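Asker: The structure's right below; bear with me while I get my questions together.
The values are calculated or read from the model by the stated rules, or taken from the named source; none is laboratory data. If you're wondering where the values come from, they're calculated on a predicted model, not measured in any experiment. Note that we place each Cβ from the backbone using ideal geometry, even for glycine, and neighbour counts take in every protein chain shown.
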Amino acid sequence: MRKEIILSKINEIEESVTLIEENIPEYFDDFESMGLLKDGIYKRIQYIIENILDICAILNSDLKFSSPGEEDDLINNLIKNNVISDINGKKIKELKGFRNIIVHRYGKIDDKLSFELIKENLYDFENIIENVKIVIEKY
């Protein structure tokens, strides 16, 4: 298993989470008026989610699970083989959807909803990382 690559990606995720925690304001009105800093937070969220999906792809490949057709198949493989929990798998799928909204800007991003999602779910990244750390120690 490519543990060093996975650990490097985990480190990048943790650094991004710390940057977001240090810079995201307490109130939406402050977030809304952040300009480029707000865009930077969105970019960091996108980066975190892409790193999580990369880790999932590495785990799927290195553990020699079936080749996925889509990212959801990849996540389902990891759930089915007890590599990630159902809860973390569901959360990763939701994060993937949020990443798609950020990247493709389907309409205008709802800053209020995004702010609430980021504030309420920032700890989910830590849960996913802990799940991955347990897996790479096992293999």
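Asker: Could you please tell me which pairs satisfy a Cβ distance under 6 Å, a separation of 6+ or placement on different chains, a first residue in region 110-134 that is assigned to a helix (DSSP H, G or I) and among the polar types (S, T, N, Q), and a second residue that is modelled with pLDDT of 95 or more and surrounded by 13 or more Cβ atoms within 10 Å (Cβ to Cβ)?
Answerer: Qualifying pairs under 6 Å: N131/I84; N131/N88.
Asker: Step by step: first the residues of region 79-109, then only those that are of a type in the set (A, V, I, L, M, F, W, C) and assigned to a helix (DSSP H, G or I), then the one that is surrounded by the most Cβ atoms within 10 Å (Cβ to Cβ). Which residue is that?
Answerer: Restricting to residues being of a type in the set (A, V, I, L, M, F, W, C) and assigned to a helix (DSSP H, G or I), the top hit is I92.
Asker: So which residues in region 17-55 are more than 20 Å from L113 (Cα to Cα) and in contact with a Phe, Trp or Tyr (Cβ under 8 Å, 6 or more places away or on another chain), if there are any at all?
Answerer: Correct list: I52 only.
Asker: Restricting attention to region 1-57, and to residues there that are surrounded by fewer than 18 Cβ atoms within 10 Å (Cβ to Cβ) and among the hydroxyl-bearing types (S, T, Y), which single residue is nearest to V83 (Cα to Cα)?
Answerer: S8
Asker: Taking the stated definitions as given, is I58 in a helix (DSSP H, G or I), more than 26 Å from S114 (Cβ to Cβ) and modelled with pLDDT of 95 or more?
Answerer: Details: in a helix (DSSP H, G or I): yes; more than 26 Å from S114 (Cβ to Cβ): yes; modelled with pLDDT of 95 or more: yes.
It is true that I58 is in a helix (DSSP H, G or I), more than 26 Å from S114 (Cβ to Cβ) and modelled with pLDDT of 95 or more.
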